[in-house]
Amino acid sequence: MLQEPALTNLIRSALAEDIGDGDHSTLACIPATAKGGARLKIKENGILAGMEVAATIFRLLDPETVFTPLKKDGEAMTAGETAFEVHASVHTLLMAERLVLNCMQRMSGIATLTSQYVQRLTGYHTKLLDTRKTTPNFRLLEKEAVRIGGGVNHRMGLYDMVMLKDNHIDFAGGITAAVNRTVAYLEENGLPLQIEVETRNLDDVKEALTVGKIHRIMLDNFTPAQLHEALLLIDGKYETEASGGINLDTIEAYAKTGVDYVSAGAVIHHAVSLDLSLKAI
């Protein structure tokens with residue numbers, strides 16, 4: 001579930017961007033006292049996402065909004081269905097319309113694609129992770145859509161987990177130096193953060209195993225055959241994550257190796273928004 005105040009802050013910023021000094025189209029022709037209703041019509045098949053967001057948008061504009069959900073986040077949706085009905089001031093309905101649609105269409109597209117990836121993992125130990133390859137200032141909702149679609153959220157940002165990637169390692173002078181400095185830094189600052197280390201070949205894996213003091217090993221751009229070999233070396237000592245160009249066509253081959261996680265930025269940046277519309281009733 002989305003947490004306040006992050007969701008509220010995102011919505012207020014988005015409304016300010018859209019409304020500016022006033023919704024003059026509405027102000028010009030609709031009396032401020034007018035009340036009305038609308039329903040969200042589904043126009044494409046997929047996985048529904050963004051219901052909680054929609055309700056929050058309407059209620060931030062008008063606390064007396066009556067929001068009636070007819071479907072739930074994560075449910076399969078079919079063209080022709082209605083997701084919700086809402087009754088509020090007409091000004092609220094018109095000011096909220098585009099933001100509600102933008103959020104729900106984008107989130108539903110991500111949830112739908114995520115669900116397709118997750119279905120390929122049925123029967124396997126492997127879980128699907130998202131990444132930080134997100135739209136600036138919209139990460140909260142994109143990652144929520146991944147969760148709704150059945151994926152697992154990786155770190156939200158640079159602050160809630162240490163990930164020592166190739167550039168960190170190269171700038172630090174190697175895996176051993178990067179890990180040792182990180183462990184000292186976390187201890188000095190009292191930060192209980194997990195450490196993940198990216199490896200690019202089997203020698204990197206061996207070095208990560210030798211230095212230890214980590215929680216997860218990322219195996220970047222390994223083929224399934226190379227991944228299998230690396231997992232034999234790791235032997236369950238640390239969590240494992242396969243990453244790098246993994247898609248719908250290849251994800252099952254990686255899952256067959258028994259890797260703990262597969263991360264795929266594509267579930268967000270390759271997702272296509274689904275078609276929804278908000279119509280007056």
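The values are calculated or read from the model by the stated rules, or taken from the named source; none is laboratory data. Here the structure is a predicted model, which means the values were calculated and not measured. For neighbour counting, all protein chains shown are included, and Cβ atoms are generated from backbone atoms with ideal geometry for every residue, glycine included. Side chains included, ligands, DNA and RNA excluded: accessible areas come from the protein's heavy atoms. Shrake-Rupley method; radii C 1.70, N 1.55, O 1.52, S 1.80 Å.
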Count, please, the residues in segment 13-61 that happen to be among the basic types (Lys, Arg) and assigned to a loop (DSSP other than H, G, I, E, B).
1
Being touching a Lys or Arg at 6+ places or on another chain (Cβ under 6 Å), under 20 Å from Glu75 (Cβ atoms) and of a type in the set (A, V, I, L, M, F, W, C) narrows it down to one of Val100, Val152, so name that one.
Val152
Subset of segment 230-264 [farther than 26 Å from Gly212 by Cα and part of a helix (DSSP H, G or I)]
Ile251, Glu252, Ala253
In segment 103-130, which residues are open to solvent by 20 Å² or more (accessible area, probe 1.4 Å) and hydrophobic (A, V, I, L, M, F, W, C)?
Leu113, Val118
For segment 195-221, what are the residues that are in a loop (DSSP other than H, G, I, E, B) and on the phi < 0 side of the Ramachandran plot?
Arg200, Asn201, Ile214, His215
Pairs, first farther than 19 Å from Arg155 by Cβ in segment 200-217, second among the β-branched types (Val, Ile, Thr) and surrounded by 14 or more Cβ atoms within 10 Å (Cβ to Cβ), C-beta under 6 Å, six or more apart
Val205/Thr199; Glu207/Ile175; Val211/Thr176; Val211/Val179
When you scan segment 165-184, do you find a residue that is closer than 16 Å to Val259 by Cα and buried (at least 17 other Cβ atoms within 10 Å of the Cβ), even just one?
no
Just a yes or no: is a residue in segment 62-84 hydrophobic (A, V, I, L, M, F, W, C) and part of a helix (DSSP H, G or I)?
no
Report, by residue number, each residue of segment 67-102 that is open to solvent by 50 Å² or more (accessible area, probe 1.4 Å), in contact with a helix residue (DSSP H, G or I) (Cβ under 9 Å, 6 or more places away or on another chain) and aliphatic (A, V, I, L, M).
Ala76, Leu94
